Amino acid sequence: MIPLLLLIAAASSLPDKGQPPLTAQTRVSGGARPAEQTAVRFDHADLSFEVLPRQRRIRGDALLTFTARAPLTRLVIDLDRNLPVSSIAIDGAPLPRRAWSNPEGQLTIALPRPVAAGETVKARIAYGGTPHVALNAPWDDGIVWSTTPDGRPWVATTTQGYGCDQLWPCLDFPAGEPAAVDLHITVPPGLKAPSNGRLTGVDTLSDGRTRWNWRARQPNTYAIALAAGPFEELTGTYRSRYGNEIPLHYWYLPGKTEQAKALFAEFAPTLDFFEEVIGPYPFSDEKVGVVETPHMGMEHQTINAYGNNYAKAPEGFDWLFHHEFAHEWFGNQMTAANWDDYWLHEGFAQYMQPLYGLWREGDARYLTMLETQRNRITNRAPIVKNKLLTEEEVYEPSLGGAGTDIYYKGALTLHTLRWLIGDQAFFSSVRRLIYGRKDPLPGNFRPRFGSTTEFEKVVAEESNRDLRWFFDAYLRRANLPDLTINRDGGVLRLTWAAGGSFPMPIEIKVGDRIERVAMEGGRGTLSIPDDRHVVVDPMARVLRRSVAVEQYQAWQARARK
């Protein structure tokens, strides 16, 4: 029996939320990178983790394989200094301790010999320690040490904001994805460790611990995740509209079987929607995987985190499950190489929910869901700034970021674009962005990187229109286009103010008929009888400034004080 005083001392040494502190280097994900990082291709990561819930620690061993794109004399790898390195070997040969340093969270390794362009180098890094505990996951990153209602460990990680270096030695920028990853996760007896990719086996160790072995192809850097708990599991197989079979898995806490079955029942229709409207599920050879977590959620590739408490909604589906699952296409299959383009992740994932409402129930549900999103747009900063940014410079308004506008304004921008160019051009553009081709089929595409510039180019090709004015107005300017409306006798005069030429057509309802005004040069007129009631944009096709929404938001802000 462990003495009571030792138990008390151990408990008092456990890290609180927000501890141990992170360096400024570790808190940054993306942005400008050292030349040594852009000079390598990341071929493979073989990652071994041991999760120690009682001590709130992890042990790790990482074998990283790189191919040099340019001559190298050292490796620079991101790793939180809260996970100190105990040993490093290069191509199997141990390095002396003086060969590496990690004062601020960027591990620098002096290579024993120069590596020429085209050569491969393997680094084995043994490390471990107390990972940063999330203050308020998933909005603040780190690990979450929790317990189930009956007191068993329940653990999850989330690293989007501060990056993968909180868990493993990685290249902490979007294009730093390894081509393939093997994961070996050891957990205490009675726990399971669902993770990314395909399960290759579970080893039972002599002391009752289990090691869960997974293999994933080209995972998003922050999508590699640890989860551990006494999970129960629901499984199934989905036969897709493309003829292939997709494994379905949901790991959930004991005692929640009925709620879990209801959520699991959403997997198949949601898959059907995405495959019909967007294209094939990108990871059908691995799985659709979801795990219940003690934080809200995150788009961990093939193992999405779910923590929405099985909430019910008038739409009839779980928005959190749907949003994170959308990221399998918009974020994991197509990853933005620069954080400046992350509206391609969040805006599209947000727009998929009203589109799903449209697919399920029709226009009324679609417009109702869009209206809710419209009222959350703040217009404090542009969505796209055309420069290399960190995650924090995008998501944090205090650092000049657009914040939640990359979700809501991004979604309404897509809604307007879809109306402007039509469904055929819109969805063809989306497929090319996601898959790199218009005819995706299971097996004929790979995960890829995309950008706003590429999407604009594809939209121009598919619509046969130069739409720079559209993307400039909605993505590169903070303020929304403002439509001035004047009625002068029998003439309705319409003028756009959008910081430049903005020839956005607009619909006008006059009595029982709807007229489309071309607005060439940003101006248009419409002759109307003096006694007719007029409604501008009756179906809310065009995202534009609304004084009523601004007054509503100001009233909400005052009410919160």
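The values are calculated or read from the model by the stated rules, or taken from the named source; none is laboratory data. None of the values given here were measured: they were computed from a predicted structure. No Cβ is skipped: glycine too gets one built from the backbone with ideal geometry, and neighbour counts run over all protein chains shown. Surface areas here come from the heavy atoms of the whole protein model, side chains and all, with no ligands, DNA or RNA. Shrake-Rupley method; radii C 1.70, N 1.55, O 1.52, S 1.80 Å.
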Checklist entry - Is one or more of the residues making up the range 319-342 charged (D, E, K, R), in contact with a strand residue (DSSP E or B) (Cβ under 7 Å, 6 or more places away or on another chain) and assigned to a loop (DSSP other than H, G, I, E, B)? => result no
Checklist entry - In the range 298-323, what count of residues is obtained for those that are surrounded by fewer than 24 Cβ atoms within 10 Å (Cβ to Cβ), under 26 Å from W145 (Cβ atoms) and in contact (Cβ under 8 Å) with a residue 12 or more places away in the chain? => result 7
Checklist entry - Just wondering, is there one or more residues in the range 359-371 that are acidic (D, E), open to solvent by 10 Å² or more (accessible area, probe 1.4 Å) and within 24 Å of D140 (Cα to Cα)? => result no
Next on the checklist: Residues that are open to solvent by 20 Å² or more (accessible area, probe 1.4 Å), in contact with a Gly (Cβ under 8 Å, 6 or more places away or on another chain) and of a type in the set (A, V, I, L, M): does the range 376-392 have at least one?
Outcome noted: yes
Next on the checklist: List pairs: first residue in the range 497-521 and without any contact (Cβ under 8 Å) to a residue 40 or more places away in the chain and over 23 Å from R532 (Cβ atoms), second residue open to solvent by 40 Å² or more (accessible area, probe 1.4 Å) and among the hydroxyl-bearing types (S, T, Y) anywhere in the structure, Cβ distance under 7 angstrom, at least six positions apart or on different chains.
Outcome noted: A497/T484; G521/S501
Checklist outcome for this item: Within the range 271-320, the residues that are of a type in the set (S, T, N, Q) and farther than 22 Å from N220 by Cβ are N309
Checklist entry - Are any residues in the range 530-559 touching a residue at least 40 places away in the same chain (Cβ under 8 Å), within 25 Å of G500 (Cα to Cα) and in a helix (DSSP H, G or I), and if so, which ones? => result V549
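To keep it simple, each residue is scored yes or no on (1) touching a helix residue (DSSP H, G or I) at 6+ places or on another chain (Cβ under 7 Å); (2) under 18 Å from T416 (Cα atoms).
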site: L467; (1), (2): yes, yes
site: D472; (1), (2): no, yes
site: R477; (1), (2): no, yes
site: L492; (1), (2): no, no
site: P505; (1), (2): no, yes
site: D512; (1), (2): no, no
site: G522; (1), (2): no, yes
site: L526; (1), (2): no, no
site: D530; (1), (2): no, no
Checklist entry - Any idea which of (1) under 25 Å from N213 (Cβ atoms); (2) among the aliphatic types (A, V, I, L, M); (3) open to solvent by 40 Å² or more (accessible area, probe 1.4 Å); (4) over 27 Å from the mean Cα position of the chain (by Cα) is the one L63 doesn't satisfy? => result (4)
Item to check | Single residue of the range 444-459 satisfying the filter (over 14 Å from V430 (Cβ atoms) and without any contact (Cβ under 8 Å) to a residue 24 or more places away in the chain) that is least open to solvent (accessible area, probe 1.4 Å) | outcome: N444
Item to check | Residue in the range 470-493 that is of a type in the set (V, I, T) and surrounded by 17 or more Cβ atoms within 10 Å (Cβ to Cβ) present | outcome: no
Checklist entry - Only one residue in R81, R27, R74 is modelled with pLDDT of 95 or more, over 25 Å from the mean Cα position of the chain (by Cα) and assigned to a loop (DSSP other than H, G, I, E, B). Which one? => result R81
Item to check | Hits in the range 494-513 (condition: open to solvent by 20 Å² or more (accessible area, probe 1.4 Å) and either over 24 Å from R374 (Cβ atoms) or among the small types (G, A, S) (or both)) | outcome: A497, G499, G500, S501, G511, D512, R513
Item to check | Subset of the range 38-60 that is of a type in the set (D, E, K, R) and in a strand (DSSP E or B) - its residue that is most open to solvent (accessible area, probe 1.4 Å) | outcome: R59
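Can you find, within the range 257-266, the residue that is farthest from Q301 (Cα to Cα) among those that are open to solvent by less than 50 Å² (accessible area, probe 1.4 Å) and not polar (S, T, N, Q)?
Among those residues, the one meeting the criterion is A262.
Condition test on T210, is it on the phi < 0 side of the Ramachandran plot, polar (S, T, N, Q) and in contact with a helix residue (DSSP H, G or I) (Cβ under 9 Å, 6 or more places away or on another chain)?
no
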Checklist outcome for this item: Counted residues in the range 177-200 being buried (at least 24 other Cβ atoms within 10 Å of the Cβ) and among the acidic types (D, E) come to 1
Item to check | Yes/no for G105 being small (G, A, S), crowded, with 17+ Cβ neighbours inside 10 Å, closer than 25 Å to R33 by Cα and touching an Asp or Glu at 6+ places or on another chain (Cβ under 6 Å) | outcome: yes
Next on the checklist: Just to be sure before I move on: is A460 small (G, A, S) and more than 21 Å from R432 (Cα to Cα) in the structure I sent?
Outcome noted: no
Item to check | Candidate set: the range 115-157, residues that are under 30 Å from E36 (Cα atoms) and among the basic types (K, R); chosen: the one surrounded by the most Cβ atoms within 10 Å (Cβ to Cβ) | outcome: R124
Checklist entry - Do we have any residue at all in the range 421-432 that's touching a residue at least 24 places away in the same chain (Cβ under 8 Å), of a type in the set (K, R) and touching a Gly at 6+ places or on another chain (Cβ under 6 Å)? => result yes
Next on the checklist: When you check D405 against the structure, is it open to solvent by less than 20 Å² (accessible area, probe 1.4 Å), acidic (D, E) and closer than 23 Å to L355 by Cα, yes or no?
Outcome noted: yes
Checklist outcome for this item: Exception for R215 within (1) more than 30 Å from Y342 (Cα to Cα); (2) touching a Lys or Arg at 6+ places or on another chain (Cβ under 7 Å) falls at (1)
Checklist entry - Among the residues of the range 158-176 satisfying the criterion of being of a type in the set (A, V, I, L, M) and within 17 Å of W339 (Cα to Cα), which is least open to solvent (accessible area, probe 1.4 Å)? => result L171
Next on the checklist: Looking at the structure I just gave you, is R437 under 28 Å from W555 (Cα atoms), more than 20 Å from the chain's Cα centre (by Cα) and either modelled with pLDDT of 95 or more or of a type in the set (S, T, Y) (or both)?
Outcome noted: no
Item to check | Meets criteria (touching a Phe, Trp or Tyr at 6+ places or on another chain (Cβ under 9 Å), at positive phi and in contact (Cβ under 8 Å) with a residue 12 or more places away in the chain) for G163 | outcome: yes
